[in-house]
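In what follows, a structure is listed as structure tokens, so that the remarks can point back to it.
The values are calculated or read from the model by the stated rules, or taken from the named source; none is laboratory data. Everything numeric here is computed off the predicted structure, so don't read it as measured data. Here the Cβ positions follow ideal geometry from the backbone for every residue, glycine too, while neighbour counts run over all protein chains shown. These accessible areas exclude ligands, DNA and RNA; they are computed on the full protein's heavy atoms, side chains included. Shrake-Rupley method; radii C 1.70, N 1.55, O 1.52, S 1.80 Å.
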Amino acid sequence: AGEKAFTLEETVMLPPSMPRIEKLLCYQMQPQITEEKLMNDKVIFRGNAVLHVLYLADDGGEYSWDFELPFTQYGELDAQYDENDNVLILPCVTALEVDHEADQLAVKAGIVSQYRISQLQMIDVIEDAYSPLRKITPHFQELLLPGVLEHKTQVLHPQATAPVDGMR
């Protein structure tokens, strides 16, 4: 049905119990849709973008932390739909920048959400129209039925070896 591109810009703080950030080692973001709704010619959705950060602290240890960044968006549709129709929203991160300063992280992420709407329509089908008692006049109507699109999600876990000192 369409797609919606938007940008998330947030400044998040590490909890006071966590050591200060010396260097960011790795970060990734996974958007999740928690609620979606159709309203006439609009689709409204909200969710969380979970930011996972791995960093080297000022005490020499490696620590990780997860932040939830909430978002709410809406998209315009080409036609009007019923509230009972089904909507599937697939979000994807297109860009991600994380900068740190003391205990603050400045996050800027680009997210594209593609949405698909499916409708169920009941149709009457006559299997046999034979009748010996009266004349039957068949009526034919050509229907355009949309194909069902398939989508596939694949999670990849890259692995690498690196030399390390001591227990780190």
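From (1) open to solvent by 70 Å² or more (accessible area, probe 1.4 Å); (2) over 16 Å from the mean Cα position of the chain (by Cα); (3) among the β-branched types (Val, Ile, Thr), pick out the condition that doesn't hold for Val98.
(1)
Looking at Ile44, Ile89, can you tell me which residue is among the β-branched types (Val, Ile, Thr), free of Cβ contacts under 8 Å to residues at least 40 places away in the same chain and assigned to a strand (DSSP E or B)?
Values: Ile89 fails: free of Cβ contacts under 8 Å to residues at least 40 places away in the same chain.
Of the residues listed, the single one that is among the β-branched types (Val, Ile, Thr), free of Cβ contacts under 8 Å to residues at least 40 places away in the same chain and assigned to a strand (DSSP E or B) is Ile44.
Please go through segment 100-122 and give me each residue that is touching a residue at least 12 places away in the same chain (Cβ under 8 Å) and closer than 30 Å to Asp59 by Cα, ordered by number.
His100, Ala102, Asp103, Gln104, Leu105, Ala106, Val107, Lys108, Ala109
Taking Thr11, is it in contact with a Gly (Cβ under 8 Å, 6 or more places away or on another chain), open to solvent by 80 Å² or more (accessible area, probe 1.4 Å) and either in a strand (DSSP E or B) or modelled with pLDDT of 95 or more (or both)?
So Thr11 fails the test.
Taking segment 102-114 only, how many residues are open to solvent by 10 Å² or more (accessible area, probe 1.4 Å), in a strand (DSSP E or B) and under 21 Å from Glu68 (Cβ atoms)? Reasoning before the result, please.
Step one: list which residues in segment 102-114 are open to solvent by 10 Å² or more (accessible area, probe 1.4 Å), which gives 102-104, 106, 108, 110, 112, 114.
With the extra rule that they be in a strand (DSSP E or B), the set shrinks to 104, 106, 108, 110, 112, 114.
Right, trim to under 21 Å from Glu68 (Cβ atoms) and you get 104, 106, 108, 110, 112.
Number of matching residues: 5.
Do you know which of the residues in segment 52-61 that are in contact with a strand residue (DSSP E or B) (Cβ under 9 Å, 6 or more places away or on another chain) and outside any strand (DSSP E or B) is least open to solvent (accessible area, probe 1.4 Å)?
Looking at the filtered set, the residue picked out is Gly60.
A quick yes/no check of all residues on (1) open to solvent by less than 60 Å² (accessible area, probe 1.4 Å); (2) in a strand (DSSP E or B):
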{"position": "Pro16", "(1), (2)": "no, no"}
{"position": "Leu38", "(1), (2)": "yes, yes"}
{"position": "Val50", "(1), (2)": "yes, yes"}
{"position": "Tyr63", "(1), (2)": "no, yes"}
{"position": "Phe67", "(1), (2)": "yes, yes"}
{"position": "Pro70", "(1), (2)": "no, yes"}
{"position": "Arg116", "(1), (2)": "no, yes"}
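For segment 39-48, which positions are at pLDDT below 90 and of a type in the set (A, V, I, L, M, F, W, C)?
Passing the criteria: only Met39.
Tell me, which residue of segment 77-86 that is surrounded by 10 or more Cβ atoms within 10 Å (Cβ to Cβ) and in a strand (DSSP E or B) is farthest from the chain's Cα centre (by Cα)?
Ranking the candidates gives Gln80 first.
What number goes with the only condition from (1) modelled with pLDDT of 90 or more; (2) in contact with an Asp or Glu (Cβ under 8 Å, 6 or more places away or on another chain) that Met29 does not pass?
(2)
Might you let me know whether segment 84-102 holds any residue that is under 29 Å from Pro158 (Cβ atoms) and touching a Lys or Arg at 6+ places or on another chain (Cβ under 7 Å)?
yes
Just checking, how many residues over segment 18-33 are surrounded by fewer than 13 Cβ atoms within 10 Å (Cβ to Cβ) and either closer than 17 Å to Ala109 by Cβ or touching a Ser or Thr at 6+ places or on another chain (Cβ under 8 Å) (or both)?
Counting residues in segment 18-33 that are surrounded by fewer than 13 Cβ atoms within 10 Å (Cβ to Cβ) and either closer than 17 Å to Ala109 by Cβ or touching a Ser or Thr at 6+ places or on another chain (Cβ under 8 Å) (or both) gives 3.
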